[in-house]
1. Looking only at segment 46-62, how many residues end up being buried (at least 23 other Cβ atoms within 10 Å of the Cβ) and either in a strand (DSSP E or B) or not assigned by TED's automatic domain parsing to the domain that holds ALA93 (or both)?
2. Scanning segment 216-258 for residues that are among the polar types (S, T, N, Q) and without any contact (Cβ under 8 Å) to a residue 12 or more places away in the chain, which turns out farthest from ARG120 (Cα to Cα)?
3. Is it true that ASP144 is in contact with a Lys or Arg (Cβ under 8 Å, 6 or more places away or on another chain) and not assigned by TED's automatic domain parsing to the domain that holds SER425?
4. Considering only segment 437-488, state which residues are under 24 Å from VAL400 (Cα atoms) and in a helix (DSSP H, G or I).
5. It is to be established whether one or more residues within segment 15-24 are under 30 Å from GLY109 (Cα atoms) and either modelled with pLDDT of 85 or more or assigned to a loop (DSSP other than H, G, I, E, B) (or both).
6. Determine if segment 175-187 includes at least one residue that is part of a helix (DSSP H, G or I) and either on the phi > 0 side of the Ramachandran plot or not assigned by TED's automatic domain parsing to the domain that holds PRO18 (or both).
Amino acid sequence: MPGVEGEFFGAIPFATPPVGELRFEPPALELGLQGESLNATQFGPSCIQIPTVSDMSEDCLTVNVFRPRGLPASSRLPVMVWIHGGFFIKGSASTFNASLLVQHSISRGTPIVFVSLDYRLGSLGFPTGSEAQTDGLLNLGLKDQLAALEWVTVFGESVGSISIADLFLNADLERFVRAAIMESGSQATIALQTASSGTGLWQTFAQAVPECASANLNNTFGCLKTASVEEIIAATNIAAEAANDQFPFVPVIDGEGGLIPDYPSTLQSQGRFSRIPFIAGTNLDEGTVFTDQSVNSASEIADALLRAETPSSFPPSQGQSTVNRILQLYPDIPSLGSPFGTGNDTFGLSSQYKRAAALNGDLNFQALRRAWIQAGASHGIRAYGYLFTDPQPNSGALGVSHTKEIPYVFGTQTLGGDPAVALLSTQMMDYWISFGVSLDPNDGKGSQRPFWSPYSSTNQAVIQLNSANLTMIPDNYGQEQISFLNSEPLLFHH
């Protein structure tokens, strides 16, 4: 579309500021602008988070829009919404500049509108415990996301991907979106717990807020609404440290009628999820950045697995036997560990690091992606899978790690450097845009690229995203290991 360029509008409110009496309340849609004009030249502030960032505010429920310039007001363009990651406790839409992605959509003749959003994080976005469940205040951050989604295609990475996958468990998702792209995250990548299991965490948080020092620990929201932002941040830090290596303040199972009514594996087996086309994929070495590089014994790996099973409704003997079998399936052989394809190189670390990284990647990413795409395809959903394997320069012990596909999707890898990498970035943008526009990554427009086959029971294959070998490959990596991990989903809160 010659002569068409992009333009940006930032910090557009989609909900009433969640401050004062609206703190710890579900989002209230903002249906009109306050005043005659809005300064939309910059991104909105990040939501309150830890570690803190310079530009953050409780008044953060805004969207940012990248769109083609100069098209008629009557133009009906597909909208793609990006949900950022950050473990539900940090992150911001402002990190992601979609100018190149939108410009590429224009140049290939299929212009899109790109929208990014901010949602409440940490204790403000994900209250937990029995009190929050009784008061109907669970999963507020997910409700923020739903409030920003209307008739759009949504895609996101990491926790953004987990959010999208979680929302698939809400049968109403079809009212808001028509397709989804999930990069490196499934419903239980961060293990799901019941709300009541978070009661201790929430009470630790509330007790650390001065206004709540003498409050009834079963009635904390009143005093928490009067606390300062600084006090909320300090208390969130205290609670997060008390949670040790677990992820604090994350989505929880909120029961029938909620956004996440049960464990994902249970809902998947029952076919209780939205029937929306999707892309779901992972990177080759997802587990490396989540693995402590100081790990140097099998007992440390076993202890981490037992913690992942806690709290458990299963007999301790079953949990221990499962751990023993996992350690057999993931032997201490560096050439089999992650980062994959690096032979016996241990990067100056214990060989147990590569062992643990391979296990972490499979347990929390690869196994869950496979279970999810198989469930979707078996229920007639048009689904596509990918594995991003493009080598990363100077990556050392991290390999092709979590988040490394993002610069390719947003087109920054097209700016100079290796021509093969630039081409892969262009091809990935074409796949993503094509899916957003037509619900099929193979629209034949833009760059030449291999046909991406949909996943099915008779064609369990994913596309390998690699600048030297972009091709379909069988989805059979780690068949024995992943089948075992997926055979005990409830043990790991999946």
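The values are calculated or read from the model by the stated rules, or taken from the named source; none is laboratory data. The structure displayed is predicted, hence computed values, not measured ones. Positions of Cβ are generated from backbone atoms using ideal geometry, with glycine treated the same way; all protein chains shown enter the neighbour counts.
1. Of the residues in that region, 2 qualify.
2. ASN216
3. Yes.
4. Matches in segment 437-488: GLN479, GLU480, GLN481, ILE482, SER483, LEU485, ASN486.
5. no
6. Yes, segment 175-187 contains a residue that is part of a helix (DSSP H, G or I) and either on the phi > 0 side of the Ramachandran plot or not assigned by TED's automatic domain parsing to the domain that holds PRO18 (or both).
So that you can scan it fast, the table gives a plain yes or no per residue for (1) closer than 25 Å to ALA371 by Cβ; (2) at pLDDT 95 or above; (3) in contact with a strand residue (DSSP E or B) (Cβ under 8 Å, 6 or more places away or on another chain):
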{"residue": "GLY198", "(1), (2), (3)": "yes, no, no"}
{"residue": "THR220", "(1), (2), (3)": "no, yes, no"}
{"residue": "ILE233", "(1), (2), (3)": "no, yes, no"}
{"residue": "PRO248", "(1), (2), (3)": "no, no, no"}
{"residue": "GLY255", "(1), (2), (3)": "yes, no, no"}
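A quick yes/no check of all residues on (1) aliphatic (A, V, I, L, M); (2) more than 28 Å from PHE347 (Cβ to Cβ); (3) at pLDDT 95 or above:
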| site | (1), (2), (3) |
| --- | --- |
| ARG370 | no, no, yes |
| HIS379 | no, yes, yes |
| ASP390 | no, no, yes |
| ALA397 | yes, no, yes |
| SER401 | no, no, yes |
| ILE406 | yes, no, yes |
| GLY417 | no, no, no |
| ASP430 | no, yes, yes |
